[in-house]
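The values are calculated or read from the model by the stated rules, or taken from the named source; none is laboratory data. Note that this is a predicted model, so its numbers are computed, not measured. Using ideal geometry, Cβ is built from the backbone for each residue, glycine included, and neighbour counts are taken over all protein chains shown.
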């Protein structure tokens, strides 16, 4: 089976859904942000603060190329899709699943999260702007799953069912 790439905005459920999907499909799960932190020896927040977003995006591109391309679930950082090269790579080497979540639900989920380097100051305004910028890129995925007001098991069941269709 090709790699399964879970994309979506921060707070959409990529990490949680990825873990559960990995259990159900009995596949390893690799989180690109965790992989980068391990490789670089710094947190994502520290990378952004010390080296900048451009350097972090280079780490993302590099990580995608180094990670396995078969029999794995890869949960991606929310901004990985902003680079055309990454979107093309994921589409060519795997099945890209966009986990969509409505903005109001994302506001609720991330209200107390202080770990997101791109959300400083007016969080809701920044989130809305980033979400709208990235949405067309997310929508290039092979499939879209709405995670708004759904349980993890329901979402995973939906993904597993879609993966069984002949197109995959």
- Task: Determine if segment 40-55 includes at least one residue that is modelled with pLDDT of 95 or more, more than 23 Å from residue 130 (Cα to Cα) and in contact with a helix residue (DSSP H, G or I) (Cβ under 8 Å, 6 or more places away or on another chain).
- Result: yes
- Query: Is it true that residue 143 is at pLDDT 95 or above, more than 21 Å from residue 47 (Cα to Cα) and buried (at least 17 other Cβ atoms within 10 Å of the Cβ)?
  - Reply: no
- How many residues, within segment 146-168, are surrounded by fewer than 14 Cβ atoms within 10 Å (Cβ to Cβ) and touching a strand residue (DSSP E or B) at 6+ places or on another chain (Cβ under 7 Å)? 1
- outside any helix (DSSP H, G or I), touching a helix residue (DSSP H, G or I) at 6+ places or on another chain (Cβ under 9 Å), under 30 Å from residue 70 (Cβ atoms) and modelled with pLDDT of 95 or more - does that describe any residue in segment 117-138? no
- Is there a residue in segment 81-104 that is surrounded by fewer than 17 Cβ atoms within 10 Å (Cβ to Cβ) and at pLDDT below 90? yes
- Report yes if some residue within segment 65-74 is touching a helix residue (DSSP H, G or I) at 6+ places or on another chain (Cβ under 6 Å) and within 24 Å of residue 1 (Cβ to Cβ); otherwise report no. yes
- Query: Can you name the condition, by its number, that residue 20 falls short on among (1) under 21 Å from residue 140 (Cβ atoms); (2) touching a residue at least 40 places away in the same chain (Cβ under 8 Å)?
  - Reply: (1)
